[in-house]
Each structure stands twice: as structure tokens, then as C-alpha cells.
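Trainee: Shown below is the structure under consideration.
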Amino acid sequence: MSELRELYQQVIVDHHRRPRNFRRLEHPTTSANGYNPLCGDRVAVELELAGDVIRDIGFQGAGCAISTASASMMTAALKGKTVAEAEAGVERFHAMLTGADHAEQAAAALGKLAVFGGVREFPSRIKCATLPWHAVRAALAGRREPVSTE
């Protein structure tokens, strides 16, 4: 278990220090903002859709290491996916962190993102990890109002 915890910490630190896709897009098709009032994390997600495919995705914001790393890994995982695949990924990520039915199956289907399964040990941090995922779900649904983890 300590090896998994160490891997979790290494991945989180790496993506926090060097977030992937931390940028604004030139021509976003849709976007959404998210806010976690418990800790102050903020994220803005932008997507460029080509039909039903996420051609490009970026994020900006300020947050804790878990929130930033989650957004970084999320953008890398969702780029090139269809909207349906992205929505399924959002559901799996949420199920993995909340311990819902099939949490282990969800983790297995998420590949590298399964490292966030360790967040379950810290219930107060689950909202940090899920914030960017809530924002991408809102962007895909075309919701303009900011999402909150309240």
C-alpha cells in the first residue's frame, strides 16, 4: 500500500508543478468555470469540439495540488475523445472517488487516472479532485453558470 501512496504523491506533485494543457485555447467551442468554496480552488475549462470529438482542451485556474493535477490529467485523458467517451470518463472518475458501486471497475477503466483513487482516503479532498471534472461536464452540456462543489 505504501508503494501506491508514493506513486500517488509523485504523480500529483508532477502534474501540480508541470500541469499539462494549462493554457487558454485560441478558438474554444465551449467553456465552463468551477469553484470550490471550501478551499477556494477555481478552474476554467475550455474545449474545442470538432463535431463530436474533443479536438483540444485546456484549463486555467488556481488551486491546490490535487485540483491542479486532476485538471492536468483530465485534459490529457479527454483530448481526442468523443463527447460520449468524455461523459463516461466523468462518471467513472466520480464513481471511483465517491466509492459508489463499481468503484474498483471504474478505477480500472480510468488507466493512469486511477492514481486518484487514493483521494478517497481524504474525504475533504474529493471535491478538489472532482472540480475540473464537474466543469468539463458543464462545458459539454453548454451550461454557462459556474459550477460549484457545494
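Trainee: Simple spin-label model, 7 Å along Cα-to-Cβ: Gln10 to Ala108 in nm?
Mentor: About 2.4 nm, to one decimal.
Trainee: How far apart, in nm, are two points set 7 Å out from the Cα along the Cα-to-Cβ line at Ser124 and at Gln60?
Mentor: Spacing of the two 7 Å Cα→Cβ label points: 3.1 nm.
Trainee: Based on Cβ point charges of +1 for Lys and Arg and -1 for Asp and Glu, what charge dipole magnitude is obtained for the chain about its Cα centre, in debye rounded to the nearest 20?
Mentor: Numbers: 18 positive and 17 negative charges, 76 e Å.
That gives the chain a dipole magnitude of about 360 debye.
Trainee: OK, next. Given a 1.4 Å probe and every protein chain left where it sits, what share in percent of the accessible area of the chain is carbon and sulfur? Please report the intermediate quantities before stating the final value.
Mentor: On the way: 4010 of 7850 Å².
Carbon and sulfur together cover 51 percent of it.
Trainee: How large is the dipole of segment 63-126 about the Cα centre if only Lys and Arg carry +1 and Asp and Glu carry -1, each at its Cβ, rounded to the nearest 20 debye? Before the final figure, lay out each step's value.
Mentor: Values: 6 positive and 6 negative charges, 51 e Å.
The dipole of segment 63-126 has a size of about 240 debye.
Trainee: With helices defined as uninterrupted DSSP H runs, which ones in the chain have an alpha carbon span along their own long axis of at least 24 Å and mean Kyte-Doolittle hydropathy of at least 1.6? Can you show the working numbers first?
Mentor: Details: long enough: none.
Span-like helices in the chain: none at all.
Trainee: What area, in nm² and to one decimal, does the C-alpha convex hull of segment 27-67 cast on average over all directions?
Mentor: Numbers: hull surface 12.9 nm².
For segment 27-67, the mean projected area of the Cα convex hull comes to 3.2 nm².
Trainee: With a 1.4 Å probe and every protein chain left in place, work out the accessible area per residue of the chain in Å², rounded to a whole number. Show your work: numbers first, answer last.
Mentor: Working: 7850 Å² over 150 residues.
Result: 52 Å² per residue.
Trainee: Taking the Cα atoms of the chain, what is the range of coordinates along each of the three principal axes, in descending order and whole Å?
Mentor: 43, 30, 28
Trainee: With the chain treated as a Gaussian network of Cα nodes joined by springs under 10 Å, which of His15, His27, His134 yields the largest mean-square fluctuation?
Mentor: Among His15, His27, His134, the largest GNM mean-square fluctuation belongs to His27.
Trainee: Can you tell me how much longer the chain between Leu38 and Ala76 gets when fully stretched, taken as 0.36 nm per residue apart minus their C-alpha distance, in nm with one decimal? Spell out each step's value before the answer.
Mentor: On the way: separation 38, 0.36 × 38 = 13.68 nm, distance 2.62 nm.
Gain on stretching Leu38 to Ala76: 11.1 nm.
Trainee: Restricting to DSSP H runs of at least four residues, report the calculated mean residue ellipticity at 222 nm for the chain, -39500 (n - 2.57) per run over all residues, nearest 500 deg cm²/dmol.
Mentor: Details: 5 runs with 69 residues, N = 150.
My calculation for the chain gives -15000 deg cm²/dmol from helical runs alone.
The values are calculated or read from the model by the stated rules, or taken from the named source; none is laboratory data. Not measured: the values here are computed from a predicted model. Ideal geometry is used to build each Cβ from the backbone, glycine not excepted, and the neighbour counts take in all protein chains shown. Note: accessible area is taken over every heavy atom of the protein model, side chains too, but ligands, DNA and RNA are not part of it. Shrake-Rupley method; radii C 1.70, N 1.55, O 1.52, S 1.80 Å.
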